[in-house]
Structure formats: C-alpha cells, structure tokens
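Where a number appears in this text, it was derived from the coordinates with a stated rule and is not lab data. These numbers were taken from a predicted model, which means no experiment stands behind them. Here the Cβ is made from the backbone with ideal geometry for all residues, glycine too, and neighbour counts use every protein chain on show.
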Amino acid sequence: MAAEGNAKPAKKLSLKENYALLTRGLGWEPSYEKQEEIFRNISFEGIKIHDWEKWEDPFRLTMDAYWKYQGEKERKLYAIVDAFQQNNGQFNVTDARYVQALKIFINGITELEYDSHRGFSMLAREFPGVGPRIAAQMQSLDELRHATTQIHTISQYAKYFTGMNEFPYQFDRAWYLSIPKSFFEDAVTSGPFEFIVAISFAFEYVLTNLAFMPWMSGAAFNGDMATVSFGFSAQSDEARHMTLGIEVIKFLLEQDPANVPLVQKWIDKWFWRGYRLLSLLATMMDYMLPKRVMAWNEAWEIYYEQNGGALFADLARYGIKPPTRAPETIAEKGLVAHQMWSVFYANRDAVGFQMWLPSEEEMDWMSEKYPDTFDKYYRPRYEYWREMEKAGTPFKNTTLPQLCQVCQWPCLFTEPNDPTTLSLRETEYKGETFHMCSDGCKDIFDDTPEKFVHAWLPVHQIYQGNCFLPDVDPTAPGFNPMYEALRYMGIKPGVDGGDFKGSADATNWEKWTSRPANIHEGAYTDAVRDTGNQSDVARKAV
Amino acid sequence: MTVEIRTKSVKPLTNSFGHLQRRFGDKPATRYQEATYDIQSSANFHYKPLWDPEREMFDVRRTAITMKDWYALKDPRQFYYGNYTTTRAKQQDALDRTLDFVEKRDLLRAMPADTRALIEHAIVPLRHYEWGANTNSAHVAAYAYGTAVTSPAMMNTMDRLGMAQHISRIGLLIDGNSGESLLASKTTWTDHADWQPLRREVERMFVTRDWFEVFIAQILVADALVYPLFFQHLDSAIAAGNGSALSSLTDYLMRWYEETGKWVDAVIKTAAAENPENKALLSGWTVTWRDRLVTALAPIAQSTLGNQSEDALAAVVAAFNTRAAKLGLSV
C-alpha cells in the first residue's frame with residue numbers, strides 16, 4: 001500500500017527520459033572553488049563554449065547498460081580467443097608473410113590505444129559539462145578495451161613468431177615507430193579541444209573506416225580468426241566513437257563563430273597527420289596481405305574521396321572547407337604504397353619485420369590496379385632488384401634515412417604530380433634548418449614550430465649517439481653502431497627483420513605447417529609437402 | 001571414461017612477452033599481466049604538453065610520492081577490461097532483480113512520509129558526491145603514472161558514475177519516476193547547510209593537483225567515512241523502523257565499496273612501504289583529509305542520526321584508523 005499523497009502509479013520512463021534523469025543533473029555549479037581553477041585547461045586554446053548543456057549526448061548509455069552490453073561482447077570475444085589458442089589458430093593464416101603485417105599492428109597500433117585511453121581520461125577530467133565528460137569517460141575505457149583485446153589476441157602469435165615480443169619497448173624506441181608515437185603524443189600534448197577534433201573527428205570520423213576496413217577484411221581474407229573477432233567486436237565501439245566525433249564538431253561550430261577558424265586549422269592539420277599515419281596501410285594492403293582485399297588507391301577513393309566529400313559538403317553550412325591538403329593525397333594515391341615498400345625493403349635490416357620483393361603474380365595485380373604508375377615507375381625497379389638478389393648482391397641501404405620533422409616518415413615521398421622528383425621542404429627556425437617531407441607537414445611545422453622542434457627524431461638521436469644500451473662501449477674494437485642501435489630499439493638484428501626468405505619465421509612456418517611460407521613463391525624448404533593447389537600456385541609463380 | 005583428444009602440439013618460441021619475462025620469468029602470463037605491465041609509454045617523449053610544459057606527457061613528477069617501479073601498485077582483483085565488465089554485468093543483473101522487486105511492490109513509496117523525506121535529504125544527494133568522486137577518480141586516471149594505476153582508476157571512474165546512477169534510481173523509486181526527488185536533492189546538495197561542509201571538501205579535492213593526494217582524499221579517506229556512515233549506520237537507523245527495503249538497495253553500494261577497498265588497500269600499503277618519505281606524505285595527507293572530512297560530515301550526521309551521530313561517526317573513524325594503521329600509515 002502506497003502512503004498518502006503517493007498513490008499515483010509510478011511513471012513509465014522512456015530510455016531517453018531515464019538517461020536524462022540519471023545523468024544530466026549530476027554536475028553542479030561550484031561555489032567554494034573557482035570554475036577556472038577546477039577546469040584549468042579549457043581556455044588557453046581560444047575555443048569559446050557558452051552553454052555546455054547544449055551538448056547532445058550521442059549514446060545515452062547508462063552505466064548498467066554499458067556494463068551489460070560490453071560484458072556480453074567480451075564473453076563472446078574471449079570464447080573465440082580461447083578456441084583460437086587451443087586450436088593453434090595462428091597456423092591457419094594464409095602464409096607467414098601475413099604475420100609480418102600483424103607485427104606492425106601490435107608494435108605500432110596497440111600502444112596508440114593506450115595513449116588514447118589517457119587522452120580521453122584527461123578530457124573526462126577537464127571538460128566542465130557532464131555530457132561530454134561521460135562520453136569521454138566511456139571512450140577512455142573503450143580504448144583500454146582495444147589495447148587489451150589486441151594484446152590478448154596477438155599474444156598467441158607472439159609466442160610463435162619473431163618481432164612481436166617487445167611491443168611497448170619497441171614503440172618507445174624503434175625509429176619507424178616514432179611515426180605513430182609522435183602522432184598520438186602530438187594529440188595528447190595539445191589542448192583538450194584540439195585533441196578531440198584530432199582524434200574524435202579527423203581520425204575516428206573521417207579516417208577510421210579506412211584503417212578498419214583493410215585490417216579487418218584483410219584478416220578475414222587471410223584466415224586470421226582472432227584479429228577478425230576483436231575487430232568486429234570493436235566495431236560497435238567505433239560506431240559510438242565516430243558519432244562522438246561528428247557531435248563534437250557540430251557542438252564546437254554551433255557554440256561560437258570564432259571557433260570556426262580554429263576548428264578548420266585543426267581539421268587541416270589532423271587530416272594530413274592522420275593521412276600520413278594511415279598511408280602505412282597502403283603497403284599492408286598492396287604488399288603484405290597474401291590474399292588482397294582491395295588496392296590502396298581504391299580504398300582512398302571510397303573512404304576519403306566519396307565519403308569524405310559528402311561529409312565536407314555537409315559541413316559547408318558551418319563555413320568548414322575540405323582539408324587544404326586533400327588534393328595532394330588524391331594526386332599521390334598511385335604512388336605512396338610503392339614508395340614506402342621500396343624504402344622499407346632497402347632498410348630491411350633496420351626494421352623489426354621481414355621484407356620481400358613482389359612476385360610476378362603480385363606485380364601483375366599491381367599493374368592492373370595502378371595502370372598509370374606501376375609499370376612505368378616501380379616494376380622496373382623491382383625487376384632490377386630481383387636481378388641483384390639473384391646475382392647474390394641484393395640492394396640494401398646501409399645508412400639511415402632523413403626523417404620529416406613532423407610526420408617522422410623518411411623523406412621518401414615524391415612531388416605529388418611528379419613521381420621522379422623527391423619532395424623535400426625546409427624551414428629555418430631560430431637559426432636551425434628543419435626538414436619536411438611535404439607541404440602538408442611544412443604547414444604544420446610553420447604554424448607551431450616551438451612544438452615541433454622538440455620532436456624526438458630517432459635517426460638524429462642515433463647519429464648523436466643517444467641510442468645505445470648502457471653496456472655498449474663505442475671505443476671498443478669491432479663496435480658496430482647499426483647493430484647496437486637496433487639492440488637499443490628492441491629489434492633482434494638478423495632475426496626480427498631482414499629478408500623474409502631464409503628467416504626464422506619462414507623456416508619455422510614450413511616446418512610447423514608443411515605449407516609454403518610465401519604462397520606466391522613456392523616452398524623454401526623440404527618441409528613443405530607437394531600437394532594440390534599450393535604447388536600449382538608455386539609453379540605458376542616460378 | 002575420458003578420451004584423450006590428440007591435438008598437434010608445437011613448442012612455442014617463447015612463453016610470454018619480453019617485458020613480462022623480465023618481471024616474472026619465462027612462463028605463461030595471466031591476462032591481467034598481459035594487459036597491464038609496462039603498457040604505458042615511458043621513454044623518448046616528443047613534445048612538451050601545452051597544459052603542463054614543465055613535465056613530460058606521462059611523468060612521475062605529477063605526485064610527490066616516489067616508486068622505484070610504478071607497476072608494484074598492482075590490483076589484487078586482477079581486473080582487465082574483460083573480467084571487469086563481465087563482473088559488473090553479473091552484479092548488475094542481481095541488482096536489477098532487487099530493483100524490480102522493490103519497484104513492483106512500491107516498497108520505498110510505501111514508507112512513511114518522514115522516512116521518504118529523510119532518504120531524499122540524506123541518501124539521494126550522495127549522487128552528487130559520487131559525481132565528485134567520478135571527477136576525482138578521472139583525475140587519477142588522467143595524470144597517474146603507469147597502467148597498473150590508470151587502468152583500475154578508469155574503471156573506478158566508471159564505477160562512480162554507476163553508483164551515482166544507482167543512487168539516482170533510489171530517488172526515482174521514491175518519487176515514482178517523476179524526478180522531483182532528484183531536483184530537490186540537487187538543491188539540498190548545493191544549498192542546504194547540512195551538506196555544505198562536505199561539498200566544500202569535494203570541491204577542494206577538485207583543485208588538488210597531486211594525483212596521489214586526490215587518491216588518498218577521495219578514494220581512501222572520504223569513501224571510508226561516507227560509505228559506512230550512510231550505508232551502514234544511517235541505513236540501520238532507517239531499517240529499524242521501516243524494514244529492510246532500503247538496505248536491499250544500499251547493500252550493492254557496500255559490496256562495491258568492500259571490493260574496491262581491496263584495490264585501494266593494496267595500492268596504499270605498497271606505496272607506504274616503499275620508503276619512509278612516502279609513508280610520511282601518505283600519513284600526512286590521510287590525517288589532514290580525515291580531520292577535514294570528519295568535521296564536514298558532522299552536520300549531516302547530526303541532523304539525520306540525532307543523538308546517535310557522535311557514536312556513529314566515532315565508530316566510523318575508529319574503523320578507519322584501524323584500517324589505515326594496517327596499511328602502514330601513522331594516523
């Protein structure tokens with residue numbers, strides 16, 4: 001029996017009402033301490049927010065729903081991961097070259113998920129509004145999830161293949177891993193608004209499909225059950241994160257017209273940085289997947305030119321324009337994969353994954369996909385290098401490449417419209433010369449030189465002698481600086497990287513699976529049984 | 001009869017990641033270890049943070065506490081995202097059954113008007129305390145050093161949102177989902193004299209920058225006083241005249257508090273045992289915040305527990321002092 005005055009039956013709440021009641025009123029206007037002392041990071045960037053309550057919550061998830069929904073996903077995912085481990089699923093992938101792509105994933109991507117967890121936890125603390133803070137908190141925890149599930153999945157591979165065993169250590173030290181590391185550190189060390197535009201909008205909303213599609217489809221095409229599973233499981237998180245990205249942009253643009261130029265500047269910057277980071281996928285899609293999904297130029301057309309075009313058409317009403325350097329990305333879409341693979345191949349003794357030259361069959365595929373560029377510029381190069389391999393004098397770069405001060409890629413790119421001229425830019429700042437790979441990176445440097453002069457450029461550091469372990473004596477006889485620098489980076493010289501053929505990964509693969517380590521080249525060792533299709537492929541390739 | 005299923009066995013090259021082998025030897029690692037140890041970047045940072053240019057992006061100098069190895073501060077619950085969410089989901093399922101039971105029978109709305117008013121005045125405003133705890137816990141997740149701390153701190157942050165929402169549901173069970181009790185309790189939190197000293201201390205935590213001090217103030221001290229005072233002492237007082245309907249809902253909060261305490265105790269005990277300077281700092285913060293918070297809680301205790309309030313607070317403080325001493329703190 002209800003007490004007096006309370007007899008009306010309890011109201012039924014819609015999900016939206018329920019969420020609003022349980023969430024929106026939680027915050028209060030502080031009066032014992034000053035607002036600007038509590039939220040200290042929200043004014044220095046110049047973004048103006050007049051009303052945090054105008055924030056539209058994109059998810060409307062209460063914690064009980066979050067726990068149940070995510071807990072159910074985790075139960076399913078770990079059932080698959082357990083089965084994968086029990087059944088030695090790591091041997092079901094197409095061949096051992098595929099595993100080289102996973103090395104890039106665990107060494108270069110997983111730590112970004114952790115950085116993202118921290119970046120969003122800072123927003124979770126620093127935004128004054130309840131709505132955006134809860135959104136940032138959930139994303140912070142989600143990012144922890146992604147780091148965790150990636151580690152748990154790939155750890156099985158790390159037990160059987162080289163080069164994956166030191167991922168946090170390598171991430172902080174290996175020269176080419178400063179590309180992803182510097183990208184995310186740039187975002188986290190920015191202010192909260194630049195961070196959220198960089199990561200939630202430019203990266204998650206504009207570019208994430210491009211990362212997701214080739215990795216996860218590539219994993220599916222190549223029999224990697226574990227990676228496909230964490231990928232699909234992460235997809236619904238990503239959908240939430242992308243929604244956050246578009247909500248953030250609209251919120252910032254609607255709050256004050258003065259925010260428009262700042263947001264535009266950040267979109268220009270982070271589109272370019274994100275593009276440079278993700279173009280690493282170009283090599284993976286075109287060269288590292290034994291069974292290919294689509295070519296990089298096709299992916300860029302669908303996921304940036306078409307989807308991005310529609311997005312920026314939609315944002316035009318706010319006065320937002322497409323990223324300034326988008327035309328360059330379109331102009332060079334037929335070049336980047338081949339240029340990057342060439343540089344990695346030439347420096348294969350200094351990286352933590354193994355390299356190979358594309359087979360005839362693979363080169364034919366590239367001719368078809370890149371009719372304007374491949375046969376003209378890159379096929380002759382690969383054929384020449386193959387001749388050198390056959391002659392026993394394989395081509396190698398014995399020095400380290402010049403890195404771009406901003407994106408930290410080697411300055412390997414050409415002028416977007418001229419594949420025979422290297423693109424080099426430089427800027428003088430306080431009496432020193434800084435080198436950039438492109439106009440996109442030069443724009444960024446010139447806008448905030450004070451930030452980018454601090455970049456920890458690995459090649460500079462190596463040549464300055466800052467990358468040796470404490471047990472190393474550079475004056476000792478037989479001192480080998482390259483060998484020692486690799487040891488510092490956590491790369492086992494001659495094991496993790498180098499030529500794929502003859503590597504521990506290739507040899508073990510054939511011994512353990514009786515299948516060719518490279519399906520396009522046929523067996524390297526006698527351990528491979530001559531059966532059916534595999535040998536047909538092999539014969540065709542030879 | 002058991003049948004041995006034969007599987008192909010290939011000896012792995014290594015049993016675990018290199019960083020785990022260096023810590024634990026060459027043996028298979030647990031999922032907690034894989035997800036936690038050495039995951040945070042610790043070297044070769046690129047840029048000076050615009051929000052703190054004197055320090056690195058992740059920097060041990062954001063607290064005065066020092067540790068030779070920040071990964072010594074491990075979580076005995078061994079939570080990683082997967083077992084954290086499945087544990088909370090399971091607990092929530094059980095709680096949902098209780099909420100359903102209470103709602104179907106209108107057990108809270110059936111309480112006498114003065115009891116409902118007491119719950120509205122003394123329990124429902126704690127949703128704002130939890131939101132403050134959420135802010136403080138997010139501060140630890142954002143600025144602490146090492147995954148061993150930031151990962152459980154982020155889980156704690158989300159737990160606090162969950163607790164704030166659970167307490168809000170108690171309000172909705174009283175007001176028949178109108179939300180009136182939530183509106184009223186917000187005014188109580190921001191304006192009523194009983195609550196202002198506590199709100200004052202919560203806001204003081206918001207401007208405390210040393211993340212370990214925030215951890216001590218909020219997660220060790222404030223919670224150890226607030227939870228037993230409201231969800232045991234006040235809850236018992238209400239149950240004495242009204243039956244256990246409210247207790248069936250506060251039980252969840254107490255169980256969560258006890259589980260979280262295992263993590264909190266492990267962190268404090270290890271940090272205090274690390275060196276005498278840590279012990280002195282942690283003890284100092286604990287005493288300062290304990291004294292502030294005990295004073296801050298006196299008015300609301302007095303107005304709700306009346307002549308039992310001094311005994312209740314004294315019992316809570318005595319239990320806390322015993323616990324703190326066990327953790328190696330001088331209080």
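The mean number of partner chain beta-carbon atoms within 10 angstrom of a residue's beta-carbon across peptide A:509-515 is 1.
Distance between the modelled labels on residue B:23 and residue B:191, one decimal in nanometres: 5.1 nm (7 Å Cα→Cβ projection). Rounded to the nearest 20 debye, the dipole size of chain A about its Cα centre is 980 debye, using +1 on the Cβ of Lys and Arg and -1 on the Cβ of Asp and Glu. Name the trypsin sites (Lys or Arg not before Pro) in segment A:370-441 that are in a loop by DSSP and that have at most 12 other C-beta atoms within 10 Å, would you? Listed in order of number, the matching sites are A:430.
Distances between placed amide hydrogens fall under 5 Å for residue A:414 paired with A:423, all partners being 5 or more residues away or on another chain.
Length gained on full extension, residue A:514 to residue A:250, computed as 0.36 nm times the residue gap minus the Cα-Cα distance: 89.5 nm. Residue A:389 sits among other residues whose Cβ lies under 11 Å from its own Cβ, and their net charge, with Lys and Arg +1 and Asp and Glu -1, is +1.
Inter-label distance, residue B:330 to residue A:40: 3.0 nm, where each label sits 7 Å from its Cα along the C-beta direction. Highest mean first, the peptides A:521-529, B:139-147 sorted by other C-beta atoms within 10 Å per residue fall in the order B:139-147, A:521-529. Applying a DSSP loop filter and a limit of 13 other Cβ atoms within 10 Å to the GluC sites (Glu not before Pro) in segment A:38-82 leaves A:56.
With only Cα atoms counted, the protein assembly as shown has Rg and Dmax values of 29.3, 98 Å. Relative to the longest principal axis of the Cα atoms of chain B, helix B:81-104 runs at roughly 20 degrees. Here the contact order of chain B, divided by its residue count and restricted to Cα pairs under 8 Å and six or more residues apart, works out to 20 percent.
Compared with the dominant Cα axis of chain A, that is its longest principal axis, helix A:532-541 is turned about 70°. Neighbouring Cβ atoms from other chains, within 10 Å of the Cβ of residues in A:124-130, number 5 on average.
Packing-wise, with mean Cβ within 10 Å as the measure, how do B:267-278, B:314-325 rank, highest first?
Output ranking for B:267-278, B:314-325: B:267-278, B:314-325.
Shielding value for A:144-151 is 6, the average number of Cβ atoms from other chains within 10 Å of each residue's Cβ.
Sites listed here are GluC sites (Glu not before Pro) in segment B:84-148 whose DSSP assignment is loop and whose Cβ has at most 14 other Cβ atoms within 10 Å, and the list is empty. Based on DSSP H segments of at least four residues, each scored -39500 (n - 2.57), chain B has a per-residue ellipticity at 222 nm of -21000 deg cm²/dmol.
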